[in-house]
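K.L.:
One structure follows; several queries about it will come next.
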Amino acid sequence: MLRYLVTMLRKSSHIERPNEEAILCQGDLTRTAKGAGVNFVGKIIGGLLHFTYLVIAARMLGDEAFGIFMLALTVAAVTGALGRAGLEMAVIKFVSKFFESADEEAAAVAIRKSLKIAAGASMVLAVALFFLSYPLATKVFDKQMLSDVLRILAISLPFNAVMIISLAATQGFQVMKYSVYGQNLIQPFLNTILLVLLVFGGFGLRGAAFAQVISIVITCMISCYFLVSMFPRAVRFSEGESHVPGLLKYSFALAPVVLFNLMLMWTDTLVLGYYKSSAEVGIYNSAMRTAMINTLIVSSFSAIFAPMASDLHGRAEMGRLDALFKVVTKWTYSLSFALFLLIILLPAEIMSIFGEGFESGANALVVLAIAQIVNTGTGVSGVILVMAEKERLMFYNALGAFLLNACLNYILIPPFGIAGAACATAGTIIAVNIIMLAQVVWLLKIHPYSKGFFKITICGISAYGATLMIMTLWPLSVKGIYSLIIYAPVFLAIYAVSIVFSGLDSEDRLILDAVKQRLSRASGIEEPQS
């Protein structure tokens with residue numbers, strides 16, 4: 001597979017096309033910078049809020065109760081994905097398509113249909129989860145405490161569906177801020193505050209579940225307000241309203257893909273919960289969710305890249321799509337690589353943040369971090385395949401990944417526990433991302449690699465080696481979180497300096513200028529005109 005991929009990359013790199021920098025116009029970069037800038041800052045803040053929430057929950061609940069809570073959230077997430085049936089991706093694609101063609105009525109119909117279907121299906125599944133919670137808890141997972149938590153979380157499913165579809169609709173108009181406000185800022189902030197109040201108030205595990213539900217309900221109402229204020233026509237029903245051709249077909253084609261991808265994320269937790277203790281589920285989820293911080297960086301760029309990729313592919317502008325693919329991959333990789341190296345440098349110290357006993361998940365954290373850097377390093381290949389309308393291919397990719405992951409988890413978790421779950425998930429993520437990259441190269445004749453990508457790799461390895469040398473020559477007498485506080489800033493400073501001294505590319509300077517201007521406008525300080 002690797003030999004095949006290298007061959008395809010070489011072939012694609014020799015395809016005659018105009019110079020990349022000439023193809024990629026300033027407008028492409030500026031739109032990506034503005035969208036990803038808002039998205040990135042919001043997702044980083046949201047990621048920090050969510051990570052803080054996990055740390056607080058782990059410390060307040062303890063590893064066993066925290067494991068129960070994570071298992072319940074996983075079951076609720078899978079059930080919610082079934083209810084939405086891929087409609088969030090369909091809304092982004094079709095609203096973006098109708099927005100580009102100035103067909104507001106079709107965009108409004110697509111939004112209304114998606115909201116009604118997702119809310120109705122999620123309500124049915126919420127009732128089913130409520131009544132099946134006890135047999136799931138006792139017969140399947142053998143954890144009776146799980147039952148009450150599932151019943152409480154079932155209440156949130158319809159509200160969560162409406163929230164996600166509403167925010168996806170705003171993304172279809174290529175406006176990222178509302179999605180960032182809702183999912184990355186408001187909901188995790190409310191969730192954290194309510195968690196502290198309810199758990200300290202003596203509600204324990206049930207309090208954590210109620211905090212989740214209340215935060216989702218409030219965010220749902222705010223998300224609907226965002227959508228209506230931005231596009232009032234979304235709630236104005238017209239006489240003889242027709243369906244949107246292809247909406248449900250596209251959604252139902254994507255539904256298995258979305259579900260299989262979600263199961264790829266959560267099969268390890270479900271199988272671990274079936275075979276092992278709640279404490280092991282809690283420790284593993286702490287490691288897994290820490291490694292997944294890298295996905296925030298990818299998704300922040302993917303959200304603005306997806307509609308642009310759909311538009312460029314639809315107009316057959318493959319040169320611009322190829323150039324944009326390279327730039328987006330380099331930006332996401334440069335940020336993700338820093339976090340990856342920090343994780344493999346201080347894994348036990350990072351896990352100690354969650355509390356006593358969580359350090360045993362350090363090896364799992366390293367394995368999962370390797371998988372996530374491969375995910376980032378192969379670029380947003382999955383997004384390109386979806387926006388290029390390769391739904392059948394994505395279905396087979398997702399099905400294959402799900403089957404591979406399920407088999408590996410079934411084989412590895414019973415004898416190896418947390419380590420087996422990490423290896424199973426990491427192996428699947430690495431395999432499916434390499435396969436998707438090969439498909440993009442083969443079908444579309446584009447790839448995500450440039451000189452800047454490899455330059456970042458060299459800078460990162462150099463920074464890692466320098467920090468490791470400092471840690472060896474001047475070891476600290478204190479361990480755990482204190483080592484993290486000292487060494488993490490040292491590594492990040494060396495990494496940033498090495499990238500700056502290696503030289504910035506022209507598109508990097510354009511992005512920095514765009515971010516600088518945006519920050520200046522936000523602070524009320526205008527840049528001086530030259």
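Coordinate-derived values only; no laboratory data. This structure is a prediction, so every number in the text was calculated from the model and none was measured. Cβ sites come from the backbone with ideal geometry, for glycine too, and all protein chains shown count toward neighbours.
K.L.:
Region 338-400: which GluC sites (Glu not before Pro) are DSSP loop and have at most 14 other beta-carbon atoms within 10 angstrom? Walk me through the numbers before you get to the answer.
P.N.:
Working: sites: GLU349, GLU356, GLU359, GLU389, GLU391; in loops: GLU356, GLU389.
When the GluC sites (Glu not before Pro) of region 338-400 are filtered for loop state and at most 14 Cβ neighbours within 10 Å, GLU356 remain.
K.L.:
Lys and Arg at +1, Asp and Glu at -1: add these up for the other residues within a Cβ distance under 11 Å of GLY67 and post the number. Could the numbers behind the result be given before it?
P.N.:
Numbers: positive: LYS143, LYS276; negative: ASP63, GLU64, GLU280.
Residues close to GLY67 contribute a combined charge of -1.
K.L.:
If you keep only loop residues by DSSP, which trypsin sites (Lys or Arg not before Pro) in region 293-375 have at most 14 other Cβ atoms within 10 Å of their Cβ? Present the calculation step by step, with values, prior to reporting the outcome.
P.N.:
On the way: sites: ARG315, ARG320, LYS326, LYS330; in loops: ARG315.
Those satisfying the criteria are ARG315.
K.L.:
Of the cross-linked pairs LYS97/LYS390; LYS97/LYS249; LYS43/LYS330; LYS143/LYS276; LYS43/LYS455, which ones have a Cα-Cα span greater than 22 Å in the structure shown?
P.N.:
Pairs exceeding the cut-off: LYS43/LYS455.
K.L.:
Continuing with this model, one more query. Assign one of three labels to region 256-402, namely rounded, prolate or oblate, based on the Cα gyration tensor with a ≥ b ≥ c the square roots of its eigenvalues; rounded applies when a/c is under 1.5, prolate when it is not and a/b is larger than b/c, and oblate otherwise.
P.N.:
On the way: a/c = 3.50, a/b = 1.66, b/c = 2.11.
Cα axes put region 256-402 in the oblate bin.
K.L.:
Take the alpha carbon atoms of region 178-223, find their center, do the same for region 363-381, and report the distance between the two centers in whole angstrom.
P.N.:
That distance is 29 Å.
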